[in-house]
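What follows is one structure encoded as structure tokens, with my remarks underneath.
The values are calculated or read from the model by the stated rules, or taken from the named source; none is laboratory data. What you see is a predicted model; the values in this text were computed from it and never measured. All Cβ positions, glycine included, derive from the backbone under ideal geometry; neighbour counts span all protein chains shown. The area values use the complete protein model at the heavy-atom level, side chains included, leaving out ligands, DNA and RNA. Shrake-Rupley method; radii C 1.70, N 1.55, O 1.52, S 1.80 Å.
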Amino acid sequence: MATCIVVTSGKGGVGKTTTSANLSTALALTGKKVVVIDADIGLRNLDVVLGLENRIVYDLVQVVEGTCRLKQALIRDKRVEGLWLLPAAQTRDKSAVSPDDMKALVEELKEDHDYVIIDCPAGIEQGFKNSIAGADRALIVTTPEVSAIRDADRVVGLVESAGLPAPHLIINRYRPSMVQRGDMLDRDDILEILHIPLIGIIPESEEVVVSSNRGQPLALDDASPTGAAYRRIVRRIEGEDLPIPSFELDSGFWAVFKRWMGLAPAREVA
Amino acid sequence: MMRNLMDKVATLVGPSRGSKEDAKQRLKVVLIHDQLALTPGAMDQMKAEMLEVVRRYVVVDEPVAFELRKEDGQVSIVSQLPVRPMHARA
């Protein structure tokens, strides 16, 4: 039985596309057959994050309108077995697709895949409604900021009133050093406000920028701590009871002193 | 640079309170307003009108406390108004 997961947030720029790319890649690495849909029609981005932008021929809107067959529009990722991208159209807008279209599309994709991941656009209008229409469950991405958490709270309500089970939360761009000095909401603060189960924390990292520069998801990189964090989230999605590490800093006197003086970067211990 | 260092020393010696407490308080208030679809302006008006009604019957002393609280998903208006009779025998 295939599962369709929508990755959503309300607010833009919190890391939905990066999360979708990495979770899809990490799921495929576990041997699952995965298709990831870019539902941000008009603002196509998942293709470049995945590094597949040069291979697009057809898009989601053309599939829905019957210009091409679904299989023709799917781009196979050659770096990992079992991963396909269904790209968004770049020259159309969200009204080109309806929630019923998306439902039918997801149902068709579920026949041949274990997971359908939907990268939802920012906002709560048409693109959001399309994205949640075919989904079985939702992952909410937020950053530890007032604006992102406010929007996440709104989206949690909308997801639940659409009849989906309580969504799981991914806290993105977590900065342990700021949390440690009381200048960033910590995981307990965020969970106290949002009341949904946490499925993973991704610490802020320069690696993410480098990987998007190259179109090479971090989940593919065995040496990357961020990639490892995504791979752990995938194990939890698969039902494994894997504890979420606390990203504590080295609390030895000199380490603290150096960080305090700004001489050493915060080091995360996962 | 100097300023930066002074700030850092201040965080060591003075009573410090990280900005996350501000974030948390502001978030709680804004989410309650969002949930009730009640702007802070409308809330102020409601507060003024409620006080006006109470003042028809008793004298209300300062300070008056009036807040929205959320417990187990239920939002409540919690108010504390120190009152005394209109015609107090002094």
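Assorted remarks:
- Lone qualifier among A:Val35, A:Val14 - being in a loop (DSSP other than H, G, I, E, B), open to solvent by less than 60 Å² (accessible area, probe 1.4 Å) and touching a strand residue (DSSP E or B) at 6+ places or on another chain (Cβ under 7 Å): A:Val14
- Any hit, the range A:178-185, residues being modelled with pLDDT of 95 or more and closer than 23 Å to A:Asp47 by Cα: no
- Answer residue from the range A:185-221, given it is of a type in the set (A, V, I, L, M, F, W, C) and more than 30 Å from B:Ile32 (Cβ to Cβ) and is farthest from the other protein chains (Cβ to nearest Cβ) among those: A:Leu220
- The set of residues in the range B:21-73 being closer than 30 Å to A:Arg181 by Cα and acidic (Asp, Glu) consists of B:Glu21, B:Asp22, B:Asp34, B:Glu67, B:Glu71, B:Asp72.
- Positions within the range A:106-132 being surrounded by fewer than 24 Cβ atoms within 10 Å (Cβ to Cβ) and either without any contact (Cβ under 8 Å) to a residue 60 or more places away in the chain or assigned to a strand (DSSP E or B) (or both), in sequence order: A:Glu107, A:Glu108, A:Glu125, A:Gln126, A:Lys129
- For the residues A:Ser20, A:Ser95, A:Ser24, the requirement of being touching a residue at least 24 places away in the same chain (Cβ under 8 Å), assigned to a helix (DSSP H, G or I) and more than 20 Å from the chain's Cα centre (by Cα) singles out A:Ser95.
- A:Asp59 vs. criteria under 20 Å from A:Arg231 (Cβ atoms), among the acidic types (Asp, Glu) and more than 13 Å from the chain's Cα centre (by Cα): no
- If the condition is being open to solvent by less than 30 Å² (accessible area, probe 1.4 Å) and in a helix (DSSP H, G or I), then the range A:217-227 contributes A:Leu218, A:Ala219, A:Thr226, A:Gly227.
- Residues of the range A:157-184 classified as farther than 21 Å from A:Val106 by Cα, within 14 Å of chain B (Cβ to nearest Cβ) and open to solvent by 10 Å² or more (accessible area, probe 1.4 Å), total: 11
- Condition met for A:Ala135 (at pLDDT 95 or above and crowded, with 18+ Cβ neighbours inside 10 Å): yes
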